[in-house]
Amino acid sequence: MAKKLLGLVAMAAFALTATSAFADKLADVQARGFLQCGVTEGVAGFSQPDANNEWSGIDVDFCRAVASAIFNDPKAVRFTPTTSTNRWQTLTSGEVDVLARTSTWTMSRDTDLGVKFVGTIFYDGQGFLVKKAAGIKSALELSGASLCIEQGTTTELNAADYFAANKLEYTPVTFVGQDEVLKAFEDGRCDAMTSDSSQLAANRSEFANPADYDILPEIISKEPLAALVAQGDDKWFNVVRWTYFALLDAEELGVTQSNVDEMVGSDNPEIKRLLGVEGDFGTPMGLTKDWALQIIKGVGNYGEMYDRNVGPATPIGLARGLNALWKDGGIQYAPPIR
């Protein structure tokens, strides 16, 4: 019995040590001095480098928000391009700390891959892009069409479901990367391409003549595009999740990048808690009490991120729709900071 007890104690001690060693992502990031963020290989409005390898997009801004919470510096982040097939391994192996890569939150991914979804940065749905000259007005007219699709994505599965449900024949033409999908479509190797509607809008905005292409009206799926972290570190999960919530709370409370210093003097208790004037909600996460103030200084609130990257005034031109705050008819909603 004594040997058995000692064995159990040893096993428990080993498990505790292993868990402690694994669950220290925040300390690792702080010691390194920057956040490593996994992004796409280039999708306008979401994550895309320019000629100087400067990244921009709503997913990029989210990563900068996490860096602001940790380092008070939105530039304390580096970006790792990932593909649809290697993104999960890149995250779970520790090569990146956060994955913000237009990744759809699904049950199998949430339960099978060793990852945890943090929050939905963009509520989307899958659609179809066609050349206007083809005269196609509905996805139901795509029977017999060839379809350009990226491999290893929910896009591929959703297309199969849609065509089967509507008893339509189609020929999938698959590629490893989205750039290859886009080029094949432009070159006429398929009649249509399918992806998240936001990505189709981003792709169309970069064509020489965007008006020559139509996004068909049908939305065939739910695509909550979310940021995620590896499982095994609840403290790190909380840092990233509450960064997302703080962005939403800031917009709801009217706190912006330009007025945040003024708002420190607000009499509103919710704003006081958000900005660290009243209470200390940062220390339990391993952050400073003004963690959310630093996020807003670094990137603004969620609405500002949306508007400058994918909003109506950008070439992508996406209305807020479901991505509006709950009080404005959308479904973006954050728990209170208190």
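The values are calculated or read from the model by the stated rules, or taken from the named source; none is laboratory data. Note that the coordinates shown come from a computational prediction; the quantities given were computed from them, not determined experimentally. Don't worry about glycine lacking a Cβ; one is built from the backbone with ideal geometry, like all the others, and counts go over all protein chains shown. Protein only, heavy atoms only, side chains kept; ligands, DNA and RNA dropped before computing areas. Shrake-Rupley method; radii C 1.70, N 1.55, O 1.52, S 1.80 Å.
The table below lists the values:
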| item | result |
| --- | --- |
| Verdict on Ala21 being at pLDDT below 95, within 20 Å of Thr90 (Cα to Cα) and in a helix (DSSP H, G or I) | yes |
| Scope the stretch 92-135; condition in contact with a Gly (Cβ under 6 Å, 6 or more places away or on another chain) and either free of Cβ contacts under 8 Å to residues at least 40 places away in the same chain or not basic (Lys, Arg) (or both); matching residues | Thr92, Val96, Leu99 |
| Unique match (being crowded, with 21+ Cβ neighbours inside 10 Å, more than 26 Å from Asp234 (Cα to Cα) and among the β-branched types (Val, Ile, Thr)) among Val299, Val260 | Val260 |
| Where a residue in the stretch 68-84 is on the phi > 0 side of the Ramachandran plot and its partner, wherever it lies, is open to solvent by less than 60 Å² (accessible area, probe 1.4 Å) and of a type outside the set (Lys, Arg), with Cβ under 6 Å and at least six apart | Asn72/Gln294 |
| Sole residue being within 18 Å of the chain's Cα centre (by Cα) and in contact (Cβ under 8 Å) with a residue 24 or more places away in the chain, chosen from Leu293, Leu287, Leu247 | Leu247 |
| Count of the stretch 114-141 residues which are under 17 Å from Leu200 (Cα atoms) and either part of a loop (DSSP other than H, G, I, E, B) or of a type in the set (D, E, K, R) (or both) | 7 |
| Residue match in the stretch 267-274 (condition: open to solvent by less than 50 Å² (accessible area, probe 1.4 Å) and either in contact (Cβ under 8 Å) with a residue 40 or more places away in the chain or among the basic types (Lys, Arg) (or both)) | yes |
| Filter result (of a type in the set (Gly, Ala, Ser) and open to solvent by 20 Å² or more (accessible area, probe 1.4 Å)) within the stretch 139-165 | Ser143, Gly144, Ser146, Gly152, Ala160, Ala164, Ala165 |
| Breaking point among (1) of a type in the set (A, V, I, L, M); (2) over 26 Å from the mean Cα position of the chain (by Cα); (3) assigned to a loop (DSSP other than H, G, I, E, B), for Ile220 | (2) |
| Residues located in the stretch 79-101, provided they are open to solvent by less than 30 Å² (accessible area, probe 1.4 Å) and of a type outside the set (Val, Ile, Thr) | Ser84, Arg87, Leu91, Asp97, Leu99, Ala100, Arg101 |
| Residue match in the stretch 56-78 (condition: open to solvent by 60 Å² or more (accessible area, probe 1.4 Å), closer than 19 Å to Leu225 by Cβ and among the hydrophobic types (A, V, I, L, M, F, W, C)) | no |
| Scope the stretch 178-206; condition without any contact (Cβ under 8 Å) to a residue 40 or more places away in the chain, in contact with a strand residue (DSSP E or B) (Cβ under 6 Å, 6 or more places away or on another chain) and surrounded by fewer than 24 Cβ atoms within 10 Å (Cβ to Cβ); matching residues | Ala184 |
| Among the residues listed as Asp214, Asp161, the single one being over 18 Å from the mean Cα position of the chain (by Cα), among the acidic types (Asp, Glu) and not in a strand (DSSP E or B) | Asp161 |
| Among the residues listed as Lys167, Lys183, the single one being out of contact with any Asp or Glu (no Cβ under 9 Å at 6 or more places or on another chain), farther than 19 Å from Glu223 by Cα and assigned to a loop (DSSP other than H, G, I, E, B) | Lys167 |
| Residues of the stretch 221-231 that turn out to be crowded, with 16+ Cβ neighbours inside 10 Å and at pLDDT below 95, as a count | 2 |
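This table checks each residue for (1) in a loop (DSSP other than H, G, I, E, B); (2) within 30 Å of Leu168 (Cα to Cα); (3) modelled with pLDDT under 95; (4) out of contact with any Asp or Glu (no Cβ under 8 Å at 6 or more places or on another chain).
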site: Thr80; (1), (2), (3), (4): no, no, no, no
site: Ala100; (1), (2), (3), (4): no, no, no, no
site: Ser146; (1), (2), (3), (4): no, yes, no, no
site: Thr155; (1), (2), (3), (4): no, yes, yes, no
